[in-house]
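Throughout, read-outs are computed from the coordinates displayed, never taken from laboratory work. Please read all numbers here as calculations on a predicted model, not as lab measurements. Using ideal geometry, Cβ is built from the backbone for each residue, glycine included, and neighbour counts are taken over all protein chains shown.
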């Protein structure tokens, strides 16, 4: 397969190397010297790079785009807020409660809420609040979950260098340098959907477990999901032990259902984090939950501190208000789910044509593709899939004008604007890309 020539992208990267480490503003945007993407514009469900190649985008900036790029229903409200109110003041406005009340109307798990600027900040706030409320230290996390880029959660199971035949658990390692070993002191990791592991952790550390922190559907692990029974197990374990259940819905919130993943399970957290789809691409995040838990945030001697200069700025809040209003009052999420189903069906036809065992994980709005006979039940199961074939397939799709992350741990994200995609074209491109991937083996 011929790789498109990218002279402008190459020049952009050369210039950027003089200004930023790796030549990018975020390390995860560096895809190597030949594949790093520089964009010139985006609209609807498409992005156009600086060499004028246009892609149908299923990466969607890792999930924030729920309606489409440059959606006028959102952008016009932001422009109006900027021109008629302002951007930031360091004080409160009525927009604060407007957005919280919208969230509460969609999410019965929320009594009170606080804002943040990123998923990372939201998780920091939720974990701090859980510790302040319970007067305990330890946080239980799930292998394969991603909770942002702050030191305490930047420890991962090294499944990449683990063999499925190894009876020992994967080594827990930091994401990289600069993360002190001491930040692991109060973190305990367990495999997803493993009842025995939860029992063992609570038997050993229960007296000091402040919370379980979990993505119900793991947005950086191919949308591998908690089973209904496992989610109930966590809820019961927390209730029995006096610990809190924190659901990280940074990726699933306002995407997989109007009430997020908790609406699908019918099981509700004590604290929840939101971001991404909440603002259709504008930098907005939040955490909230039960009133008595959130009221731990106070100026009392033992109260929890929370704040931030840019927290609840008018740009972010006006975007969130507009986005959540659209999601609440229209069938946008139903449209997204329908498109996701159709795309999975066409992909399945392509994979079947080439006799590739495959399965899909997670909801239609953010589904994972796994080359194997069974849906993975945890991160270790993912290692059993043919991720190398997937990566080559994904790279070929990118060359052919379909953008996604070339790693099966990142889901296919769907937005409302994807309803305009020519599905016959997409199926043809997928077939070409898979044929080339197989021939390259």
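List of remarks:
- Extension gain from residue 355 to residue 195, taking 0.36 nm per residue of separation minus the Cα-Cα distance: 54.1 nm
- Three-way shape call for the range 307-441 based on the alpha-carbon gyration tensor, with the a/c threshold at 1.5: prolate
- Annotation: extensible slack from residue 104 through residue 84 equals 4.5 nm (criterion: 0.36 nm per residue apart, minus Cα-Cα distance).
- The chain - percent relative contact order, Cα under 8 Å, separation 6 or more: 22 percent
- With the simple spin-label model, which puts each label point 7 Å out from Cα in the Cβ direction, the residue 227 to residue 435 separation comes to 4.1 nm.
- Gyration tensor verdict on the chain (Cα atoms; rounded if a/c is under 1.5, prolate if a/b is larger than b/c, oblate otherwise): oblate
- Alpha-carbon centroid distance for the pair the range 117-185 / the range 381-441, whole angstrom: 29 Å
- Residue 76/residue 137 FRET efficiency (R0 45 Å; Cβ-Cβ; nearest 0.05): 0.45
- Packing, as the average of other Cβ atoms within 10 Å across residues, places the peptides 360-370, 210-220 in the order 210-220, 360-370, highest first.
- Rounded if a/c under 1.5, otherwise prolate or oblate - the range 262-322, Cα gyration tensor axes: oblate
- Rg to Rh, two decimals, where the range 66-129 supplies the alpha carbon set and Rh follows Kirkwood: 1.00
- Inter-probe distance in nm under a simple model that places probes 7 Å from Cα toward Cβ, at residue 177 and residue 291: 5.1 nm
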